[in-house]
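A.B. asks: One structure is given below, represented as structure tokens, and several questions about it will come after.
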Amino acid sequence: MSVHQFSIGELECAVLQEGSAFMDRANVIARYPNADPADVDAALGDDEPSGSLNLLLINSGGTRILADVGFGEAGPPGMGGVLRGLGELGLAPGDIDIIFLTHFHSDHIAGLCDEAGAPVYANARYITTQAEWDEWTGRWAASSSAADQALLEQFRAFQDRFTFVSAGDEIAPGVTVVDLAGHTQGHAGLLLESQGERLLHVVDLLHQAFQLQHLDWHFGFDSDGAAAVDTRRRVLGECAEGQILTLFYHLDFPGLGTVARAGTGYGFTPVA
Ligand SMILES: [Zn+2]
């Protein structure tokens with residue numbers, strides 16, 4: 001079972017695990033360009049690197065929102081769990097009304113289309129930030145890679161399905177867009193609020209648990225490492241001070257728990 005159901009007030013939620021990408025230790029250690037590899041190795045200690053993909057499904061008054069789509073069935077081995085998870089909940093991809101794209105890295109967007117290029121979530125409209133659209137369509141347009149050109153073509157073909165939002169916009173009752181810029185230019189999360197309960201989905205605010213204690217380490221795929229550090233410090237502080245239930249896309253499934261100050265950084269207590 002790779003579905004974790006919970007609720008935030010009147011919002012029915014679930015975390016669906018797309019898969020757990022095996023990340024070998026050397027590969028993880030090489031992903032922190034401004035850290036000494038020996039320090040990353042020590043920070044990892046005896047822990048297995050985390051490599052889960054945790055997708056948030058929300059039902060807000062009958063509107064079903066899926067935050068990102070994972071790799072999909074055409075992705076690497078072991079992926080495609082989101083479609084199975086929807087099935088376990090008695091849902092089909094066609095039941096999703098809104099796909100909220102937090103950012104355009106492949107582990108978040110590749111599952112939009114099947115192998116034939118048809119949209120998997122046939123009835124959904126897509127929501128993202130203008131900054132994210134501009135960064136990636138610009139990068140793909142400037143790239144000579146066939147894969148990037150194919151992505152550009154796919155996204156342009158879907159342009160009329162997209163709505164662009166900014167931080168503070170409510171995409172459905174109780175579901176508000178949050179600015180997480182840095183990891184990518186338009187990286188965005190979601191704040192859920194209902195009946196006094198809150199959840200903050202911080203997506204790729206960090207990729208490994210040890211980053212909670214090493215806030216200034218850049219991640220190799222950050223578009224702007226310095227901005228990502230500022231965002232990480234600010235948002236983790238808000239999670240800790242507000243004692244907000246927090247969801248991380250890449251920590252061990254379900255990636256849900258609370259953040260508290262610990263030493264010079266933070267600790268994370270997963271939900272039971
Ligand atoms: Zn990611």
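A.B. asks: For residues in region 197-231 being of a type outside the set (A, V, I, L, M, F, W, C) and under 14 Å from the mean Cα position of the chain (by Cα), which is nearest to Pro33 (Cα to Cα)? Can you show your working first?
C.D. replies: From region 197-231, those of a type outside the set (A, V, I, L, M, F, W, C) are 197-198, 201, 204, 207-208, 211, 213-214, 216, 218, 220, 222-225, 230-231; that's our starting set.
Still in the running and under 14 Å from the mean Cα position of the chain (by Cα): 201, 204, 207-208, 222.
On the way: His201: 26, Asp204: 17, His207: 14, Gln208: 14, Asp222: 10 Å.
Per the criteria, the residue is Asp222.
A.B. asks: Let me ask something else. Select from region 1-32 the residues that are closer than 18 Å to Val203 by Cβ and either touching a helix residue (DSSP H, G or I) at 6+ places or on another chain (Cβ under 7 Å) or in a loop (DSSP other than H, G, I, E, B) (or both) and list them in ascending order. It would help to see each step written out before you state the result.
C.D. replies: Kept after step one, since they are closer than 18 Å to Val203 by Cβ, are these residues of region 1-32: 4, 6, 8, 11, 13-21, 23, 31.
Hits for region 1-32 are Leu16, Gln17, Glu18, Gly19, Ala21, Met23, Arg31.
A.B. asks: Take the residues in region 181-228 that are in contact with an Asp or Glu (Cβ under 7 Å, 6 or more places away or on another chain) and away from the ligand (no atom under 16 Å from the Cβ), then tell me which one is nearest to Gly255 (Cα to Cα).
C.D. replies: Ser194
A.B. asks: Continuing with the same structure: Counting only residues that are among the acidic types (Asp, Glu) and away from the ligand (no atom under 15 Å from the Cβ), which one in region 229-252 is surrounded by the fewest Cβ atoms within 10 Å (Cβ to Cβ)? Before you say what the answer is, go through the steps one by one.
C.D. replies: Filtering region 229-252 for residues among the acidic types (Asp, Glu) gives 230, 238, 241, 252.
Next cut, away from the ligand (no atom under 15 Å from the Cβ) only: 230, 238, 241.
Working: Asp230: 14, Glu238: 16, Glu241: 11.
Checked region 229-252; the qualifying residue surrounded by the fewest Cβ atoms within 10 Å (Cβ to Cβ) is Glu241.
A.B. asks: Among the candidates Gly186, Gly220, which residue alone is open to solvent by less than 60 Å² (accessible area, probe 1.4 Å), touching a Lys or Arg at 6+ places or on another chain (Cβ under 7 Å) and within 21 Å of Gly70 (Cα to Cα)?
C.D. replies: Of Gly186, Gly220, the one residue that is open to solvent by less than 60 Å² (accessible area, probe 1.4 Å), touching a Lys or Arg at 6+ places or on another chain (Cβ under 7 Å) and within 21 Å of Gly70 (Cα to Cα) is Gly220.
A.B. asks: Kindly provide the set of residues from region 97-107 that are crowded, with 24+ Cβ neighbours inside 10 Å and near the ligand (Cβ under 8 Å from one of its atoms), ordered by number.
C.D. replies: His103
The values are calculated or read from the model by the stated rules, or taken from the named source; none is laboratory data. Just so it is clear, the model here is predicted, and its values are computed rather than measured. Here Cβ is always computed from backbone atoms with ideal geometry, including for glycine, and neighbour counts include all displayed protein chains. Just the protein is used for accessible areas: all its heavy atoms, side chains included, with ligands, DNA and RNA removed. Shrake-Rupley method; radii C 1.70, N 1.55, O 1.52, S 1.80 Å.
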